[in-house]
1. With r defined as the distance between the Cβ atoms of N23 and N74 and R0 fixed at 30 Å, what FRET efficiency is calculated, to the nearest 0.05?
2. In nm, to one decimal, how far is the H10 label point from the R93 one, both placed 7 Å along Cα→Cβ?
3. Ranked from the most accessible area to the least, with a 1.4 Å probe and all protein chains present, what is the order of L57, L84, L31?
Amino acid sequence: PEAGVIGAAHAGWKGAFGGILENTVDAMVKLGATRDKNKAVIGPSISQRAYEMGPELFEQFYDEDPSNARFFANGANDRYMFDLPGFGLSRLRQAGIADQVRPQSGRRFRGDGSGCRSSNANFNWRE
């Protein structure tokens, strides 16, 4: 990294909604990184088709910013399907990180080889 700064954040909807990505970028800038040279990568994370949320959470996101509705798809009954990686990318863009990579979601495995389901995403970036 040009500035010698690397950051990482692990966030579910609460952390991403609460500003952990922006706070991590701000901390990196304080250490000498510049927003326009940062590169962000989103690691394996839950996909939208697997991340079900209730209407109260949709309303919370919508109340903060009506454009957040684009991260939700209709699910069964009153449920919504949430795009956590897409929401994280949006927050990174708002924080001034223009260069991001969103790899395809992959299956995560536990140490014993059994599959696991995680409702979090790994966000990593460096300058």
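1. According to the calculation, E is roughly 0.40.
2. 2.8
3. Details: L57 30, L84 0, L31 130 Å².
The ranking, largest first, comes out as L31, L57, L84.
The values are calculated or read from the model by the stated rules, or taken from the named source; none is laboratory data. Worth saying up front: this structure is predicted, and the values here are computed from it rather than measured. Neighbour counts are summed over all protein chains in view; Cβ atoms, including those assigned to glycine, are modelled from backbone coordinates with ideal geometry. Just the protein is used for accessible areas: all its heavy atoms, side chains included, with ligands, DNA and RNA removed. Shrake-Rupley method; radii C 1.70, N 1.55, O 1.52, S 1.80 Å.
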